[in-house]
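The values are calculated or read from the model by the stated rules, or taken from the named source; none is laboratory data. This is a predicted model, so every value here is computed, not measured. Note: ideal-geometry Cβ built from the backbone for every residue, glycine included; neighbour counts use all protein chains shown. We work out accessible area using only protein heavy atoms, side chains counted, and drop any ligands, DNA or RNA first. Shrake-Rupley method; radii C 1.70, N 1.55, O 1.52, S 1.80 Å.
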Amino acid sequence: MYHFDWQVFWQYLWPGTALANPLIRTGLMVTIVVSVISQFMGVVLGLFAALGKMSKFGPLRWLADAYIWYFRGTPLLVQMALLFFGLGVTHIYDFPDLHFLGLSVSGAIQAGMLALGINEGAYMAEIVRAGIEAIDPGQMEAAKSLGMSYGMAMRRIVLPQAAKVIIPPLGNEFNNMMKTTSIMQVISAAELFYAYTQINARIFKPFELFIAASFYYLAMTTVWSFIQARIEAGLGERKGEAVKTPGMFERAFAKGGH
Amino acid sequence: MASLAAPGNGSIDPDVIVKFEKVNKYFGALHVLQDIDLEVRKNEVVVIIGPSGSGKSTLLRSINHLETINSGHIYVYGRMIGYYEKKGQLHEESEKNIARQRAEIGMVFQRFNLFQHQTALENIIEAPLNVRRMPRKQAEAEGEKLLARVGLSDKRDQYPRQLSGGQQQRVAIARALAMKPGLMLFDEPTSALDPEMIGEVLDVMKELAKEMTMLVVSHEMGFARAAADRILFIDEGRIIEDTTPDELFTNPREERTKAFLSKILH
């Protein structure tokens, strides 16, 4: 019969004591910051990949297709290892620690963030493309008939409308992203899960520690689902129209992701 | 011989707003426009009728290069539209030049195509602000005048989905007029409307017809009678008749025209 160590469990679950540990405190911060930056990268890359995929110019289309094909067709973990260890050994980029604004960003975090962002871009590409394709082509035609270029019509007319279609799945992607950052543990990037594995290496209480860790992820995704529900409600209200999206609880307890 | 006609032909007579020279277009094996020749003069109102799939919409849409063509020339205001000619070969114009040409041609669509995320006024001032770089104050003042002209001053801040079809189409007309085009194209402007809303849109168009060069694809024969100078009957990609409305209704030349008219003039 396993003896559950409640004292260790509460110590690493209760924010008052857990966040006093610098490993966990910075780990939590790194997880949040990396999630936001990687998701942002994903959106930007996804937008360009989506536009590339819809381009009339062949090579651009092939490039976008190849990007999406590779990054959706191979494991994120392999991509991350390839980027960090692979690129390091070639000396193309050694991932040195970067220092700015009094912060130090380790090479592992840079590599992890980059891999997450590039990988996410391949998934966002399909979401952005679906969003653009959901908009009646008549909108683009009307914009063109008024003398707008393709770029201006995209920026001013199509994308603002597509955003409404894109934002709900984007929120789900961000939910996934917060959890997926834990993969960075294998390249020793000091995120939240890495912090718990480091503590575990010292005290060997994996059951207690990893349950505690899982609660922090659960807290982040739950808070996010509240924020997301707010954003989506706002989207619907602003234009006086109903945007039908799953409710917060449906989302919190829904299966899915990739 | 016509294919040897000098390019820029249309520029000779400044009163010719639209000129087609031996225009052909294919959709795959389908020959949708067959050797179309056409001249529309300043302030003329031309109504185009024909069975569905006859090429009438394609003809209209090729005037602002929403449709490409395979051979021939289309001139608007005396300038070739969508293409330039080099060593007897047609090359598609740059996107920028096409956009510049389109800015001078107003277009109204069957399904209105109002920008769904913008209010009526925002729809109208979008292109003057961003294409013409007009100051916002001026654009808004002109936009409000246009809204008044189509009788929708009170709908200024409404979104398209809050407007009826007829109101949406009137906003769409105002939006096209905001660019001060010298030519207006109407692609079945009342076909998507409930019957009780057709009148309000046609009234706006009739007013406009007094001072504007217009090409209208429409089966509204009342409008054609009241406002059209000419009426074209198109079938299988060819202009079968090109005459006045009176002449067409009382004395159609071709059997096909008669058969078609008997179908639409129930």
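List of remarks:
- Virtual paramagnetic centre 7 Å along Cα→Cβ of A:A81, amide N under 20 Å, in the stretch A:106-130: A:107-120
- Qualifying trypsin sites (Lys or Arg not before Pro) for the stretch B:164-266 [loop in DSSP, other Cβ within 10 Å: at most 11]: B:K210
- Antiparallel bridges, percent of DSSP beta bridges restricted to the protein assembly as shown (to nearest 5): 65
- For chain B, the 222 nm mean residue ellipticity estimated from helices alone, with every DSSP H stretch of n ≥ 4 adding -39500 (n - 2.57) and the total spread over all residues, rounds to -10000 deg cm²/dmol.
- Chains A and B together bury roughly 2100 Å² of accessible area, counting both sides, with a 1.4 Å probe on protein heavy atoms only.
- Of all DSSP bridge pairs formed entirely within chain B, close to 60 percent run antiparallel.
- Calculated [θ] (222 nm, deg cm²/dmol) that DSSP helices of n ≥ 4 give over chain A, each run adding -39,500 (n - 2.57): -22500 deg cm²/dmol
- Qualifying GluC sites (Glu not before Pro) in the stretch B:191-264, DSSP loop, other Cβ atoms within 10 Å at most 12: B:E211, B:E254
- Residue-averaged beta-carbon neighbours from other chains (10 angstrom radius) around A:146-159: 6
- Additional length obtainable on full extension of the chain from A:L23 to A:A66, 0.36 nm per residue less Cα span: 11.6 nm
- Counting only other chain Cβ atoms within 10 Å of each residue's Cβ, the peptide B:105-115 averages 4.
- Residues in the stretch B:222-242 reached by a label modelled at B:K22 [backbone nitrogen below 16 Å; 7 Å Cα→Cβ]: none
- Within the stretch A:49-121, the trypsin sites (Lys or Arg not before Pro) that combine a DSSP coil assignment with at most 14 other C-beta atoms in a 10 angstrom radius are A:K56.
- Gained length - B:H91 relative to B:E207, 0.36 nm times residue gap less alpha-carbon distance: 37.9 nm
- The fraction of accessible area contributed by carbon and sulfur in the stretch B:6-88 is 50 percent, rounded to a whole number (1.4 Å probe; ligands and nucleic acids excluded).
- Three semi-axes of the equivalent ellipsoid, chain B, Cα gyration tensor, whole Å, largest first: 30, 25, 15
- Rh by Kirkwood over Cα pairs, then Stokes-Einstein D for the stretch A:94-248 at 1.567 mPa s and 4 °C, µm²/s: 69
- The mean count of C-beta atoms from other chains within 10 Å of the C-beta of residues in B:232-245, rounded to a whole number, is 0.
- Entries in B:K19/B:K42; A:K164/B:K96; B:K19/B:K56; B:K96/B:K137 that, when Cα-Cα distance is taken, lie over 19 Å: A:K164/B:K96; B:K96/B:K137
- Gap separating the Cα centres of the stretch A:71-138 and the stretch A:141-169, nearest whole Å: 27
- Computed over protein heavy atoms with a 1.4 Å probe, the carbon and sulfur contribution to the accessible area of the stretch B:171-229 reaches 45%.
- In whole percents, the pair-distance distribution calculated for the protein assembly as shown from its alpha-carbon pairs, binned every 10 Å from zero, is 3, 15, 21, 19, 14, 11, 9, 5, 2, 1, 0.
- Sites B:E144 and B:K42 - FRET efficiency at Förster radius 25 Å, r taken between beta-carbons, to 0.05: 0.30
- Solvent-accessible heavy-atom area per residue, rounded to whole Å², over the stretch A:1-62 at 1.4 Å: 62
- Ordered from highest to lowest accessible area with the whole protein assembly present and a 1.4 Å probe, B:E92, A:E141 read as B:E92, A:E141.
- Förster-model FRET efficiency, 35 Å R0, B:T243 and B:R100, C-beta, rounded to 0.05: 0.50
- Share of carbon and sulfur in the accessible heavy-atom surface of the stretch A:1-80 [1.4 Å probe, %]: 78
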